[in-house]
Amino acid sequence: MPAQDSDQIVRFAAFELDLHAGELRRSGIRLPVQGRPLQVLAVLLKTPGQLVTGEQLRTELWPAD
């Protein structure tokens, strides 16, 4: 289960996702993940251990106009 120090940083295994800065780090080293893949990861980490459907991803990442 991910550990959260604040609303902005999520830690899991050797990784750390800084939601505010939009950065993924492994053991303190920044990884080249940006844009939609980073957003998908953030959605998945919001609900650890639960299934996230394609519809939920669409709703989160592409809200209706």
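The values are calculated or read from the model by the stated rules, or taken from the named source; none is laboratory data. Values in this document were obtained by computation on a predicted structure and should not be read as measured data. Cβ sites come from the backbone with ideal geometry, for glycine too, and all protein chains shown count toward neighbours. All accessible areas refer to the heavy atoms of the entire protein, side chains included, with ligands and DNA or RNA removed. Shrake-Rupley method; radii C 1.70, N 1.55, O 1.52, S 1.80 Å.
Of all the residues in region 29-51, those that are modelled with pLDDT of 90 or more, part of a loop (DSSP other than H, G, I, E, B) and open to solvent by less than 80 Å² (accessible area, probe 1.4 Å) number 0. The condition (being out of contact with any strand residue (DSSP E or B) (no Cβ under 7 Å at 6 or more places or on another chain) and closer than 15 Å to Gln8 by Cα) is satisfied by just one residue among Gln39, Gln50, Gln56: Gln39.
Scanning region 35-56 for residues that are free of Cβ contacts under 8 Å to residues at least 40 places away in the same chain and either under 12 Å from Leu17 (Cβ atoms) or in contact with a Phe, Trp or Tyr (Cβ under 8 Å, 6 or more places away or on another chain) (or both) yields Pro37, Leu38, Gln39, Val40, Leu41, Ala42, Val43, Leu44, Lys46.
Just to be sure before I move on: is Leu17 assigned to a strand (DSSP E or B) and either loosely packed, with under 13 Cβ neighbours inside 10 Å or without any contact (Cβ under 8 Å) to a residue 40 or more places away in the chain (or both) in the structure I sent? Considered against the rule, which asks whether it is assigned to a strand (DSSP E or B) and either loosely packed, with under 13 Cβ neighbours inside 10 Å or without any contact (Cβ under 8 Å) to a residue 40 or more places away in the chain (or both), Leu17 comes out as yes. Scan region 52-65 for residues that are in a helix (DSSP H, G or I) and open to solvent by 80 Å² or more (accessible area, probe 1.4 Å) and the total you get is 5.
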